[in-house]
């Protein structure tokens, strides 16, 4: 029987662990969230969850602390996502671990995260001041946050707010909003994000899209499942020919999570840090 989220360390007082312990990682089957979204065995997207770890440290062979930044890419096809507090606790268990070099740390991370996710996880380590986290970027597209509209619904998410303009010419565009907020399903703590919708097809009605994204404001769910719900609802209600949805969430506990889902045969996105991250 799979453990439930209430069996995880999330929302509980946790003592620090001075010993390396991969058993701290708590996998959550994606199937439970996807069944609630009525996804069948054949998913309408491919994708990746990009995690950035800003609080990563270990000891070198002589006991001197080392620090780095970690990028973890968990494929959306993996059986499990990893609960974020458990990942934080696991990373903390590396703090007193002596390693020959960063390559040894990377090998440990690959093995442990892949075992928890049930699929190969990509891991990159970089020194402070280098890598994608060292510079700021923006999500390409037109921001819809300044639309002059009234909003009164803040949850649960309402797909009926989405609509397409069938009598308008076909478009290819990227729309961006920084107003996405959802809540942790266990602690109720807020999760803040910028979201980008890239599509081709009948024009998506922008006011409806913005109202729809704001309707997540009091919704309790994991980052990955919010993005998959957004993808599903836009695909069902607006029927774009091509669709890509990504969200860049702000960090909590030294980690940020950035799910990306697409039905376009394209490379995974660059891991470019936004101003709020």
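Whether any residue in segment 95-102 is in contact with a helix residue (DSSP H, G or I) (Cβ under 9 Å, 6 or more places away or on another chain), in the same structural domain as residue 73 (by TED's automatic domain parsing) and buried (at least 20 other Cβ atoms within 10 Å of the Cβ) is what I want to check.
no
Can you name the residue in segment 103-143 that is in contact with a helix residue (DSSP H, G or I) (Cβ under 9 Å, 6 or more places away or on another chain) and farther than 21 Å from residue 49 by Cβ and is also surrounded by the fewest Cβ atoms within 10 Å (Cβ to Cβ) among such residues?
It comes out as 142.
Looking at 182, 174, 194, which one is under 20 Å from the mean Cα position of the chain (by Cα), farther than 12 Å from residue 223 by Cα and in the same structural domain as residue 146 (by TED's automatic domain parsing)?
Result: 174 is the single residue among 182, 174, 194 that is under 20 Å from the mean Cα position of the chain (by Cα), farther than 12 Å from residue 223 by Cα and in the same structural domain as residue 146 (by TED's automatic domain parsing).
Kindly indicate whether any position in segment 199-209 is within 28 Å of residue 83 (Cα to Cα) and outside any loop (DSSP other than H, G, I, E, B).
No, segment 199-209 contains no residue that is within 28 Å of residue 83 (Cα to Cα) and outside any loop (DSSP other than H, G, I, E, B).
Select from segment 198-221 the residues that are buried (at least 20 other Cβ atoms within 10 Å of the Cβ) and under 16 Å from residue 170 (Cβ atoms) and list them in ascending order.
Within segment 198-221, 198, 199, 204 meet the criteria.
Checking residue 169 against (1) modelled with pLDDT of 95 or more; (2) in a loop (DSSP other than H, G, I, E, B); (3) touching a strand residue (DSSP E or B) at 6+ places or on another chain (Cβ under 8 Å), which single condition isn't satisfied?
Here residue 169 meets the rest and fails (1).
Return yes when residue 246 is under 14 Å from the mean Cα position of the chain (by Cα), buried (at least 20 other Cβ atoms within 10 Å of the Cβ) and not in a strand (DSSP E or B) and no when it is not.
Spelling it out, it is not the case that residue 246 is under 14 Å from the mean Cα position of the chain (by Cα), buried (at least 20 other Cβ atoms within 10 Å of the Cβ) and not in a strand (DSSP E or B).
For segment 87-104, name all the residues that are part of a helix (DSSP H, G or I) and over 20 Å from residue 256 (Cβ atoms).
Correct list: 102, 103, 104.
Report yes if some residue within segment 59-74 is under 16 Å from residue 258 (Cα atoms) and either outside the structural domain of residue 128 (by TED's automatic domain parsing) or surrounded by fewer than 17 Cβ atoms within 10 Å (Cβ to Cβ) (or both); otherwise report no.
Checked against the condition, which is being under 16 Å from residue 258 (Cα atoms) and either outside the structural domain of residue 128 (by TED's automatic domain parsing) or surrounded by fewer than 17 Cβ atoms within 10 Å (Cβ to Cβ) (or both), segment 59-74 yields no hits at all.
The values are calculated or read from the model by the stated rules, or taken from the named source; none is laboratory data. If you're wondering where the values come from, they're calculated on a predicted model, not measured in any experiment. All Cβ positions, glycine included, derive from the backbone under ideal geometry; neighbour counts span all protein chains shown.
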